[in-house]
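The values are calculated or read from the model by the stated rules, or taken from the named source; none is laboratory data. The structure presented is a predicted model; accordingly, all values stated were derived computationally and were not measured. Here Cβ is always computed from backbone atoms with ideal geometry, including for glycine, and neighbour counts include all displayed protein chains.
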Amino acid sequence: MIFIIFILFLIFQRLAELYVSSKNEKWLLRNGAVEYGKEHYPFMVAMHTLFIISVIAEYIWRDDTIVSYPLIIFFFVLIVIKVIVISTLGHYWNTKIYKVPGTRPVATGIYKYIKHPNYIIVICEIVIIPLAFGLYYTGVVFTILNAIMLTVRIKKENEILAM
């Protein structure tokens, strides 16, 4: 039962992030933003969608799943930090890469100390979510896929932020 509640929360949380991203995208476009990284974005969306599907499928497939409450608590701590990150970026937070010409990268809050805190959170989530339920195959496969995706993503984002 805890898995069902958790996965429903996760899906709701991801959909809420997409809603915020969509609202911010409209603001960004109204303010002259240019989108970058369009070529890798569909792969990123597919990876995150397949991640949730894989978590569910492996949970159903395995007969020896566990529940690690400390990892679930850590996941919720990450969500709190993600809310702080999103709040710090305000209208600039997005799942896509946008740059408003003439603006400088946000350098307040957590961004004073860490260049890409959101990606650190995502790395932790991709590891913690499956491990919280003993879903080792999903954890390993998507940690590798996420590392590949973030290598491309962060390189592109750094290039755009330096403009």
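In the list Glu25, Glu17, which residue meets the criterion of being part of a helix (DSSP H, G or I), modelled with pLDDT of 95 or more, acidic (Asp, Glu) and within 12 Å of the chain's Cα centre (by Cα)? Give the steps one after another, and end with the answer.
Values: Glu25 fails: within 12 Å of the chain's Cα centre (by Cα).
Answer to the selection: Glu17.
Among the conditions (1) modelled with pLDDT of 95 or more; (2) closer than 22 Å to Glu157 by Cα, Val77 misses just one, which is (2).
Are any of the residues in the range 33-41 in a helix (DSSP H, G or I), surrounded by 15 or more Cβ atoms within 10 Å (Cβ to Cβ) and touching a residue at least 60 places away in the same chain (Cβ under 8 Å)? First the steps, then the outcome.
First pass over the range 33-41, keeping only residues in a helix (DSSP H, G or I): 41.
Checking which are surrounded by 15 or more Cβ atoms within 10 Å (Cβ to Cβ) leaves us with 41.
The next check asks that each one be touching a residue at least 60 places away in the same chain (Cβ under 8 Å); those that pass are none.
No; the residues of the range 33-41 include none that is in a helix (DSSP H, G or I), surrounded by 15 or more Cβ atoms within 10 Å (Cβ to Cβ) and touching a residue at least 60 places away in the same chain (Cβ under 8 Å).
On the given criteria, is Pro101 over 19 Å from the mean Cα position of the chain (by Cα), within 23 Å of Ser22 (Cβ to Cβ) and not acidic (Asp, Glu)? Spelling it out, Pro101 is indeed over 19 Å from the mean Cα position of the chain (by Cα), within 23 Å of Ser22 (Cβ to Cβ) and not acidic (Asp, Glu).
Looking across the range 99-137, the residues that are over 30 Å from Ala162 (Cβ atoms), surrounded by 18 or more Cβ atoms within 10 Å (Cβ to Cβ) and out of contact with any Leu (no Cβ under 9 Å at 6 or more places or on another chain) come down to Pro130, Leu135.
Just name the residue that is nearest to Met163 (Cα to Cα) out of those in the range 72-98 that are of a type in the set (A, V, I, L, M, F, W, C) and without any contact (Cβ under 8 Å) to a residue 40 or more places away in the chain. Write out each step before concluding.
In the first step, residues of the range 72-98 are kept if they are of a type in the set (A, V, I, L, M, F, W, C); the result is 72-81, 83-86, 89, 93, 97.
Narrowing further to those that are without any contact (Cβ under 8 Å) to a residue 40 or more places away in the chain: 73, 76-77, 80, 83-85, 89.
Working: Ile73: 39, Phe76: 35, Val77: 33, Val80: 31, Val83: 27, Ile84: 26, Val85: 22, Leu89: 18 Å.
Applying the filter and picking the extreme gives Leu89.
Within the range 141-158, not a single residue is surrounded by fewer than 13 Cβ atoms within 10 Å (Cβ to Cβ), touching a helix residue (DSSP H, G or I) at 6+ places or on another chain (Cβ under 8 Å) and among the hydroxyl-bearing types (Ser, Thr, Tyr). For Tyr113, the conditions (1) without any contact (Cβ under 8 Å) to a residue 12 or more places away in the chain; (2) in contact with a strand residue (DSSP E or B) (Cβ under 8 Å, 6 or more places away or on another chain) all hold with the exception of (2).
Look through the range 2-14, keep the residues that are among the aromatic types (Phe, Trp, Tyr) and either modelled with pLDDT under 95 or surrounded by 13 or more Cβ atoms within 10 Å (Cβ to Cβ) (or both), and return whichever of them is farthest from His91 (Cα to Cα). If you could, list the steps in order and put the result at the bottom.
Initially, the range 2-14 is screened for residues among the aromatic types (Phe, Trp, Tyr), giving 3, 6, 9, 12.
Next, from what is left, pick out any that are either modelled with pLDDT under 95 or surrounded by 13 or more Cβ atoms within 10 Å (Cβ to Cβ) (or both): 3, 6, 9.
Working: Phe3: 33, Phe6: 28, Phe9: 24 Å.
Looking at residues that are among the aromatic types (Phe, Trp, Tyr) and either modelled with pLDDT under 95 or surrounded by 13 or more Cβ atoms within 10 Å (Cβ to Cβ) (or both), I get Phe3.
Restricting attention to the range 87-145, the residues that are under 27 Å from Pro42 (Cβ atoms), in a loop (DSSP other than H, G, I, E, B) and of a type in the set (D, E, K, R) total 2.
Within the range 55-69, is there a residue that is modelled with pLDDT of 95 or more and either within 15 Å of the chain's Cα centre (by Cα) or on the phi > 0 side of the Ramachandran plot (or both)? Checked against the condition, which is being modelled with pLDDT of 95 or more and either within 15 Å of the chain's Cα centre (by Cα) or on the phi > 0 side of the Ramachandran plot (or both), the range 55-69 yields no hits at all. For Leu78, the conditions (1) assigned to a helix (DSSP H, G or I); (2) on the phi > 0 side of the Ramachandran plot are fulfilled apart from (2).
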